[in-house]
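The structure appears below as structure tokens.
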Amino acid sequence: MKNRLGIKLGGDTENRSLIFQVIVVVIFTLLATRLFYLQVVRGDEYRERANNNRVKLKRIEAPRGKIFDSQGELLATNEAGYRLLYLKERKYSEKELKEISELLGLTEESVERRIKYGEIFPYTRENILVDDLDEDEAHRIMEKLSEYPYLQVQAYAKREYLYDTLASHVLGYVKKISAEEYEELKELGYTQRDTVGKNGVEKQYDYQLQGKPGYKYIEVNALNRIVKELRQRQPVPGKDMYLTIDSRLQEVMEKYFEEKKLQGSFVAINPKNGEVIAMVSYPTYSLNMFTSRFTSEEWNSIMNDKRKPLRNRAIAGEYPPGSVFKPIVSVGLLNNGLNPKKQYFDNGYYQIGKWKWRSWKRGGHGYVDFKKAITESANPYFYRLGDELGPTKLIETAADFGMGQRTGIDTPGERSGRLPDDEWKRKNMNEPWYRGDTINLSIGQGYLTVTPLQMAEAYTLLANKGVAYRPHLVRTLKGKDETVVTKIEKVKELNYSKSYYDLITDAMVNAVEASNGTVKALRTEGLRVAAKTGSAQNSQFKKTHAWVGGYFPAHDPEVVFVAFAEGAGGGGSVAAPAAKAFIDKYLELKGNNHFD
């Protein structure tokens, strides 16, 4: 019998030997061809793959810049944090699940979810099991790592706030970048593993604080453990930040609000350059809690706190100003021909038809001129003159003083307040502007709302006789080879007569120093303070909001201040004593030459 090759089969030994030789030659030809293909044709590709399995790129995080106050006191720095890494990417065995579960005190199901869905570093392929280990727990695990060749404890730089709650709304905190933030920032070189500022100056100046990461090439073994470091580039640390805030004054005011159980804000500004000396929003919150893992109970306690501690009342709290708005109204009145010496009789109310707008003082203030109207905060005086002035000029003056506008301070989240007019009311209330709206506006009530910072900027214009600078929280950013100083920016220069400001300042001084003044709580030996209180009616609280705004020394101011307390009562009895606590501490520090 013959096959298709014509070779006789059967007992022919020579034929069988030939067939065997043909098969061997074919097999070795195929092997040689495949070997040639792998080593020559695709040799470079496979050598690169092998090298990538052996050598890996590891990112070196840049130390985040530190934050100091205006006197060089360290407020925010970096400490050692720890994370637990799983070195086998998504692969695991039942034995490993059980071992990790016993080590961490977690269920096997929880460990399995973390391995399956946990974040993996892009180059080293390390799977993050726990992103923020407690230091004691990290050390306990490190002592046992020889028993767990598939685990590794990694140290990293973790943000630490030395005073925890101090200036929490000014500083803000840091946490892992969100998906939305990554999409917004990736073109600046951010990665999905970055920790970023979430609020305050930490967020506003995040790029400068971040620095530039370095890298190192490492050689790893089959267990993904580092065998050798090959080469590296050192990271560039982030710039250190020096604030305008004096932490001693900030602390005094935060403690005052805490001790008096007040919710509100205190703002102090240097009117000569816009530097913010103190900016309190109370209650505060723990910054270190936000940089660490926290329980759902802790999160719920913050979110359900009726006091809303995360809200920055200084820049985002919008409130009716009440009578602290009267000095601004006064500029408009004087600019439109008000004779400050002219007296009007106040019998306790101002009436139009059947409508009455009453004085806070039963029976009224008697004969009232401009100085007395500010000193005693006589509402009917402003009702009458505001009504005569009309809404257009009143609103124009308020806009000149920044109402309804953001100040542009260097921190995120500022709100603009509300300066209402006929257009706004028709759009939002579906009704026209009434005469009564003008009367309410003339004493800072009605639909007008402001932030404490806005009010402080308005009082800066009064203190500087029409000039204001952009308020700012950061004085300098210092890097290894570069120092960036915040530019002093003049943002307003009003064209009102300087004599108006002199009249208003004198009246505000009288409100402090006269026996019939509403701000007697601010009397300070050797210091002339100009101030005005406000007690603003509101729909959220049974009591009025308490306000005081002012500046000192009255005729050459170096500090402008505003104190505000939500639903706390009268401005003279609540807000003014808060401002006095600040003035006393400020003078104590200045007298002892404790200012740089």
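When residues of segment 416-462 are filtered for being among the aliphatic types (A, V, I, L, M) and open to solvent by 40 Å² or more (accessible area, probe 1.4 Å), how many remain?
Summing the residues that are among the aliphatic types (A, V, I, L, M) and open to solvent by 40 Å² or more (accessible area, probe 1.4 Å) in segment 416-462 gives 1.
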Note down all Cβ pairs under 8 Å where the first residue falls in segment 436-449 and is on the phi > 0 side of the Ramachandran plot, the second is modelled with pLDDT of 95 or more and in a loop (DSSP other than H, G, I, E, B), and they're at least six residues apart or on different chains.
G444/P320; G444/P321; G446/P320; G446/P420
So how many residues does segment 484-503 have that are within 35 Å of the chain's Cα centre (by Cα) and either surrounded by 21 or more Cβ atoms within 10 Å (Cβ to Cβ) or polar (S, T, N, Q) (or both)?
3
Any idea how many residues of segment 67-83 are surrounded by fewer than 19 Cβ atoms within 10 Å (Cβ to Cβ) and within 13 Å of L477 (Cα to Cα)?
1
Subset of segment 207-225 (residues that are at pLDDT 85 or above and either exposed (fewer than 15 other Cβ atoms within 10 Å of the Cβ) or assigned to a loop (DSSP other than H, G, I, E, B) (or both))
G211, K212, P213
V484: on the phi < 0 side of the Ramachandran plot and at pLDDT below 95, yes or no?
yes
Please state which one of Y163, Y156 is crowded, with 17+ Cβ neighbours inside 10 Å and in contact (Cβ under 8 Å) with a residue 40 or more places away in the chain.
Y163
Look at segment 191-200 and say how many of its residues are of a type outside the set (A, V, I, L, M, F, W, C), open to solvent by less than 50 Å² (accessible area, probe 1.4 Å) and modelled with pLDDT of 90 or more.
3
Within segment 534-559, how many residues turn out to be under 19 Å from A373 (Cβ atoms), open to solvent by less than 10 Å² (accessible area, probe 1.4 Å) and not in a loop (DSSP other than H, G, I, E, B)?
6
Which condition number in (1) on the phi < 0 side of the Ramachandran plot; (2) more than 33 Å from the chain's Cα centre (by Cα); (3) modelled with pLDDT of 85 or more is the one that L57 fails?
(3)
Inspect all residues belonging to segment 402-420 and state whether any of them is in contact with a helix residue (DSSP H, G or I) (Cβ under 8 Å, 6 or more places away or on another chain) and in a helix (DSSP H, G or I).
no
Which numbered condition K342 misses (of (1) part of a helix (DSSP H, G or I); (2) open to solvent by 60 Å² or more (accessible area, probe 1.4 Å)):
(1)
Does any residue of segment 501-519 turn out to be in a helix (DSSP H, G or I), charged (D, E, K, R), under 19 Å from F325 (Cα atoms) and touching a Lys or Arg at 6+ places or on another chain (Cβ under 9 Å)?
yes
Hey, could you check segment 166-177 for residues that are in contact with a helix residue (DSSP H, G or I) (Cβ under 8 Å, 6 or more places away or on another chain) and of a type outside the set (V, I, T) and say which is surrounded by the most Cβ atoms within 10 Å (Cβ to Cβ)?
A167
Can you tell me which condition E423 does not meet? The list is (1) assigned to a helix (DSSP H, G or I); (2) touching a helix residue (DSSP H, G or I) at 6+ places or on another chain (Cβ under 8 Å); (3) free of Cβ contacts under 8 Å to residues at least 40 places away in the same chain, and all the others hold.
(2)
Does M303 satisfy being within 27 Å of D134 (Cα to Cα), open to solvent by 60 Å² or more (accessible area, probe 1.4 Å) and under 19 Å from the mean Cα position of the chain (by Cα)?
yes
Search segment 130-152 for residues that are open to solvent by less than 60 Å² (accessible area, probe 1.4 Å) and pair each with any residue that is assigned to a helix (DSSP H, G or I) and among the β-branched types (V, I, T) when their beta-carbon atoms are under 9 Å apart and the residues are at least 6 apart or on different chains.
D132/T291; L133/I141; Y148/I100; Y148/I141; Y150/I100; L151/I100; L151/I141
Looking at segment 350-368, which of its residues are in contact with a helix residue (DSSP H, G or I) (Cβ under 6 Å, 6 or more places away or on another chain) and not in a loop (DSSP other than H, G, I, E, B)?
Y350, W357, V368
Counting just the residues of segment 90-129 that are among the acidic types (D, E) and out of contact with any strand residue (DSSP E or B) (no Cβ under 8 Å at 6 or more places or on another chain), which one comes out surrounded by the most Cβ atoms within 10 Å (Cβ to Cβ)?
E96
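Here is a list: A458, A398, A463. Which entry is touching a Leu at 6+ places or on another chain (Cβ under 8 Å) and either within 24 Å of A530 (Cα to Cα) or modelled with pLDDT of 95 or more (or both)?
None of the others qualify; the one that does is A398.
The values are calculated or read from the model by the stated rules, or taken from the named source; none is laboratory data. Since we're looking at a predicted model, the values are computed, not measured. Because the Cβ atoms are built from the backbone with ideal geometry, glycine has one as well, and the counts that use them run over all protein chains shown. Remember, those area values only see protein heavy atoms, side chains included, never the ligands or the DNA or RNA. Shrake-Rupley method; radii C 1.70, N 1.55, O 1.52, S 1.80 Å.
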